[in-house]
1. So, in the stretch 2-33, of the ones that are in a loop (DSSP other than H, G, I, E, B) and surrounded by 14 or more Cβ atoms within 10 Å (Cβ to Cβ), which residue ends up modelled with the highest pLDDT?
2. Among what's in the stretch 116-134 and is crowded, with 16+ Cβ neighbours inside 10 Å and more than 14 Å from the chain's Cα centre (by Cα), pick the residue that is farthest from P74 (Cα to Cα).
3. Would you kindly identify the helices (runs of 4 or more DSSP H) lying entirely within the stretch 49-143 that contain at least 3 residues that are closer than 21 Å to Y21 by Cα and touching a residue at least 60 places away in the same chain (Cβ under 8 Å)?
4. How many residues are under 23 Å from the mean Cα position of the chain (by Cα) and either among the acidic types (D, E) or over 30 Å from Y137 (Cβ atoms) (or both) if we restrict to the stretch 49-89?
5. Of G108, G84, which residue is more than 22 Å from G12 (Cβ to Cβ) and buried (at least 18 other Cβ atoms within 10 Å of the Cβ)?
6. If T75 meets every condition in (1) surrounded by fewer than 17 Cβ atoms within 10 Å (Cβ to Cβ); (2) at pLDDT below 90 apart from one, which number is that one?
Amino acid sequence: MAGVELLPKEYGYVVLVLVAYCFLNFWMGAQVGKARKKYKVFYPTMYATEAESKDAKLFNCVQRGHQNSLEMMPTFFMLMILGGIRHPVIAASLGALYTVTRFFYFKGYSTGDPQKRLSIGITALLVHALLSFLLVYVNFRSD
């Protein structure tokens, strides 16, 4: 198998973006941990209720910002891994943009006003759609 290239040499960019997203995810998890201490929402409680805490909405916004990113992560990773096989630079560029917009989505959500997640964070949905298109386009077109 010497000389057989299974992945393009630029595929490392895809891997770097996925690792960056993992670091972002760890950071968001740490922010949830800080919010648990600050708002006194202890494990195993996933979401606070107004009856339990006057700051329930503030905590829940931090928690939801992270949770939504976790919910989107499997499809993002799949789109990056598969879409990057044929066009790694495009996939990595879109993935880097997605990672940045997820940061702003989380920061906006964490303010306690869920609408603020949409200011820049809404771009993440567009990028996710572009990654989906890339995967379909590059893998189902004939050369």
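The values are calculated or read from the model by the stated rules, or taken from the named source; none is laboratory data. Remember, predicted model here, so these are calculated numbers, not experimental data. Because the Cβ atoms are built from the backbone with ideal geometry, glycine has one as well, and the counts that use them run over all protein chains shown.
1. So in the stretch 2-33, the residues in a loop (DSSP other than H, G, I, E, B) come out as 2-10.
From what is left, the residues that are surrounded by 14 or more Cβ atoms within 10 Å (Cβ to Cβ) are 8, 10.
On the way: P8: 89, E10: 94.
Here the answer is E10.
2. The extreme case among them is K116.
3. Details: elements: 56-86, 88-109, 123-140.
Those helices (runs of 4 or more DSSP H) span 56-86, 88-109.
4. 12
5. Details: G84 fails: more than 22 Å from G12 (Cβ to Cβ).
When all the criteria are applied, what remains is G108.
6. Of the numbered conditions (1) surrounded by fewer than 17 Cβ atoms within 10 Å (Cβ to Cβ); (2) at pLDDT below 90, the odd one out for T75 is (2).
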